[in-house]
Protein chains: 2
Amino acid sequence: MNRDFEVKEVPEIINASYRNFPLVAKVVFGKNSFDQLGEILMPNRKHADAPFIFLVDDVFEGTDLVKRIPLIFNDLVIFVSADEEPKTNQVDVLVERILEDFNELPSGIVGIGGGTLLDLSKAVSIVLTNKGGAANYQGWDLVQKASIYHVGIPTISGTGAEVSRTAVLLGPDRKLGINSDYTTFNQIILDPNLTQGVSKEQWFYTGMDCFIHCIESLNGTYLNAFSQSYGKNALELCKEVYLGDLTPSESRDKLMMASWHGGMSIAYSQVGVAHAMSYGLSFLLGVKHGIGNCLVFQHLAEFYPEGVVLFNRMKERHGIVLPKGICANLSDSDYDTMIVVAMGMEPLWENAIGKNWRDSITPEKLRSIYEKI
Amino acid sequence: MNRDFEVKEVPEIINASYRNFPLVAKVVFGKNSFDQLGEILMPNRKHADAPFIFLVDDVFEGTDLVKRIPLIFNDLVIFVSADEEPKTNQVDVLVERILEDFNELPSGIVGIGGGTLLDLSKAVSIVLTNKGGAANYQGWDLVQKASIYHVGIPTISGTGAEVSRTAVLLGPDRKLGINSDYTTFNQIILDPNLTQGVSKEQWFYTGMDCFIHCIESLNGTYLNAFSQSYGKNALELCKEVYLGDLTPSESRDKLMMASWHGGMSIAYSQVGVAHAMSYGLSFLLGVKHGIGNCLVFQHLAEFYPEGVVLFNRMKERHGIVLPKGICANLSDSDYDTMIVVAMGMEPLWENAIGKNWRDSITPEKLRSIYEKI
């Protein structure tokens, strides 16, 4: 949800109508619920020649998790690196490979990993039934035919990709989500045990994706009671996880639910200043989303005073040291690029500040913040 | 959700597997979102001869709301009284009428009203495609064929029927839900403006359905992090609505969301002492669900000390006076009947007290509580 390029996803009150939001069709939550996957897939198998394709983060290659994947017939596991953001080209290559390797369309796609794997799986399930490449569908409601059955199994918590109706992809000339009702997963398995073993830094940055999103949307002007209720819930859970005294098991449970509720809160809300400026960092320097948000957010006390106090407490509590001097050697032209990109995110500024945001958000203002990073 | 006969709906950890919970397919939230109904139904119209059937609480007969129903072609509005609990026989009569009046199966069913209308609509959509009467499907996962498209539009908040996978019906020899994945609505429209005009008492009792459910599930032994997060959210919203200082508009928004989250929390939780004992009252005396729960709950301070304190504050704040002497003239045999019925709700007691609940929950104990009512 709260990745860079959803920023154009304005919470619609278009023609005085509210977005009709698609939910994940089915969800199972529980420790080791991953082991129900075989039973869940069975009624969705079209026949023996229509395989399930498992797209799995390659950090799991050779691990016990892979042995637990319920392969039968001609099912296939494809390992995918999540080191870089998912690309339209990558989706097209996967689709081509699947169409070449099998005579039949698959019974379904199962994505196992973080936001990158989940978004790739959504996109592959769409492009398998819709002509042309993934780039054709970046935008809003461009998908014509129903995607094939697709299952998401998050192995890290915070992005909200498990509930969103978008699949954010880097395309040939833009980075933008495939936003459609067919994007949303048919099935999610929430198994908190799968998030064991994530490094402390990744756990923190990905969780902060959820936390910062909540702060931005709850303090925004676009909010309604639906999104507010989910956002508050996610925020409370983040506070428990990062500032409370939970057992590791409770902490995994609650962060998984924070991500779920945070993702749901996007239905009628929007992100704000941190996401807009993080987008600039990401565009110019390739800074990844989670850490990029943190780098910006720490300097946004004037916009989100309580949120930044909480963020700093969380950071200190977990001994997270953010890198410094990221913008130290940038040229004026570099700064201008970031500023133009950030200021282009109009809905985010409008959500954060209001209709008259241009009165206070000037290039000089943004430069002064970037210089601190 | 929290009506009498869902009590048998044990939150499944059957064979160490967790329930795979179906969600409502699409939801729209917003004031006057009811006016999007025509647009929402259009792509779901099979053709001009396959009507939409609108089942509407007869309190709305002749009101402006009925004029706003987007009727086209041979669509039909059927007014239904919600004075009594919905019955399997009532479902069968509606299905027969629809099958006789039209050559085609309807494009869909739209339920407009409270829990009674929502549950009737779910059941009609199932029995239209599954042979035999509604009573054949009371139980768990007995529905074989997909129901027809069905839409729920609540006009009062608290029951959670808008998100549950059950349709609770009074049958020829039992009152029990049609619990199935096909029961869940395909579309929900949450328009808080539709809850205007509800009497203060009905507003209180139906909202307390949600509040008491939350207290029982959050204090139960069955809870997991998924249901806890929804239950806490619903509880906080109930506190804001009944003890806060909201505008009427905010209050309607938040109670609608409380009901939604409270309903979701049923996925992996169970109700407790108030519901078990209220079931006894309902069985013997026909006391309706919302008020029945209140009548019991006020005397449950030893089980739910904080919950009862909150309940009493809410009751006083809104000048609600519960009837007294309900059990004053009952015979020993009457008391025994209620006690047998209440103690039969084993999962509720186990959830509330634990596996050894029979050590403390004796007939004498329950009689002493009933005598106060």
query = Ratio of Rg to Rh for the stretch A:306-373, alpha carbon only, Kirkwood?
reply = 1.04
key: Principal semi-axes in Å for the protein assembly as shown [√(5λ), Cα gyration tensor, largest first]   = 43, 30, 26
ask   = In deg cm²/dmol, rounded to 500, what helix-only [θ] at 222 nm does chain A give when every DSSP H run of at least 4 residues adds -39500 (n - 2.57) and the total is split over its residues?
value = -13000 deg cm²/dmol
query = Using the C-alpha atoms of the stretch A:162-273, what convex hull volume per residue, in cubic angstrom, is computed?
reply = 134 Å³
remark   = Diffing the stretch B:118-128: the Karplus 3J(HN,Hα) column from phi (6.51, -1.76, 1.60, θ = phi - 60°), in whole Hz with x for Gly and Pro, holds 5, 5, 4, 5, 4, 5, 4, 5, 7, 6, 4
ask   = Pairing the Cα long axis of helix B:273-285 with the longest principal axis of chain B, what angle in degrees results, from 0 to 90 and rounded to the nearest 10?
value = 70 degrees
key: Within 10 Å of each Cβ in A:259-266, the average number of Cβ atoms from other chains   = 1
task = Specify the residue with the greatest mean-square fluctuation among B:38, B:139, B:113, computed from a Gaussian network of chain B linking alpha-carbon atoms under 10 Å apart.
result = B:38
Share of pairwise Cα separations in the stretch A:33-126, more than 17 Å, in percent = 48 percent
query = Roughly what percent of Cα-Cα pairs across the stretch A:282-339 reach past 14 Å?
reply = 62 percent
request  = Hey, can you find the accessible area per residue of chain B for me, probe 1.4 Å, expressed in square angstrom?
outcome  = 37 Å²
ask   = What is the interface area between chains B and A, defined as buried accessible area summed over both chains with a 1.4 Å probe, reported in Å² to the nearest 100?
value = 3000 Å²
request  = Using packing as a proxy for protection, rank B:259-268, B:189-198, A:94-103, B:315-324 so that the peptide with the highest average count of other Cβ atoms within 10 Å comes first.
outcome  = B:259-268, B:189-198, A:94-103, B:315-324
ask   = In peptide A:26-36, how many Cβ atoms from other protein chains are near each Cβ within 10 Å, on average?
value = 6
inquiry  = Limiting things to C-alpha atoms, what are the Rg and the maximum Cα-Cα separation (Dmax) for the stretch A:234-286, in angstroms?
reply    = 14.3, 40
ask   = To two decimal places, what compactness ratio does the stretch A:21-85 give when its Cα radius of gyration is scaled by 2.2 N^0.38 Å?
value = 1.26
key: Cα centroid of the stretch A:318-373 to Cα centroid of the stretch A:126-196, whole Å   = 29 Å
key: Anchor residue A:315: lysines whose Cα lies under 30 Å away (excluding residues fewer than 8 positions away in-chain)   = A:8, A:31, A:175, A:200, A:232, A:239, A:254, A:288, A:324, A:365, A:372, B:232
remark   = What one gets for chain A as the Kirkwood radius, inverse of mean 1/r over different Cα pairs in Å, is 20.9 Å
request  = Pop out the carbon and sulfur fraction of the accessible area of the stretch B:30-135 as a percent, whole number, probe 1.4 Å.
outcome  = 50 percent
request  = Calculate how steeply helix A:332-343 sits against the longest principal axis of the alpha-carbon atoms of chain A, using the helix alpha-carbon long axis, and give the answer as 0 to 90 degrees to the nearest 10.
outcome  = 70 degrees
ask   = What does the average come to when, for each residue of peptide B:218-227, you count the partner chain Cβ atoms lying within 10 Å of its Cβ?
value = 3
ask   = Tell me, what % of the accessible area of the stretch A:252-373 is carbon and sulfur with a 1.4 angstrom probe?
value = 50 percent
task = Using label points projected 7 Å from each Cα along Cα→Cβ, tell me how many nm separate residue A:302 and residue A:39, to one decimal.
result = 5.7 nm
ask   = Which value does Rg/Rh take for the stretch B:235-326 over its C-alpha atoms, Rh per Kirkwood?
value = 0.98
ask   = So how many Å³ per residue does the convex hull of the Cα atoms of the stretch A:144-225 work out to?
value = 162 Å³
task = For chain A, set up a Gaussian network in which alpha carbons nearer than 10 Å are linked by springs, and say which option among A:80, A:27, A:308 fluctuates the most.
result = A:27
request  = Mind checking which lysines have their Cα closer than 23 Å to the Cα of residue A:46? Skip sequence neighbours fewer than 8 apart in that chain.
outcome  = A:26, A:122, A:131, A:145, B:145
inquiry  = Of the candidates B:132, B:307, B:108, which one comes out as most mobile in a Gaussian network treatment of chain B with C-alpha springs shorter than 10 Å?
reply    = B:132
inquiry  = So the label point sits 7 Å from Cα along the Cα-to-Cβ vector; using that for residue B:81, what distances do you get to the other copies, in nanometres, sorted shortest first?
reply    = 7.2
key: Amide H contacts under 5 Å for residue A:187, placed H, 5+ residues apart   = A:25, A:26, A:150, A:152
note = Computed over chain B: longest principal axis from alpha-carbon atoms vs helix B:88-101 long axis, angle to nearest 10 degrees, is 0 degrees
request  = Find every distance from the label point of residue B:131 to the corresponding label point in the other copies (7 Å from Cα along Cα→Cβ) and write them in nm, one decimal, shortest first.
outcome  = 4.3
Globularity ratio of the stretch B:87-215, using Cα Rg and 2.2 N^0.38 Å = 1.06
ask   = Over the stretch B:220-373, what per residue volume does the convex hull of the Cα atoms give, in whole Å³?
value = 110 Å³
task = Report, for residue A:243, each distance to the same residue's label point in the other copies, shortest first and in nm; define the point 7 Å along Cα→Cβ.
result = 2.1
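The values are calculated or read from the model by the stated rules, or taken from the named source; none is laboratory data. Keep in mind it's a predicted model, so treat the numbers as computed, not measured. In this analysis, Cβ positions are derived from the backbone assuming ideal geometry, glycine residues included, and neighbour counts consider all displayed protein chains. Ligands, DNA and RNA are excluded from the accessible area calculation, which covers all protein heavy atoms including side chains. Shrake-Rupley method; radii C 1.70, N 1.55, O 1.52, S 1.80 Å.
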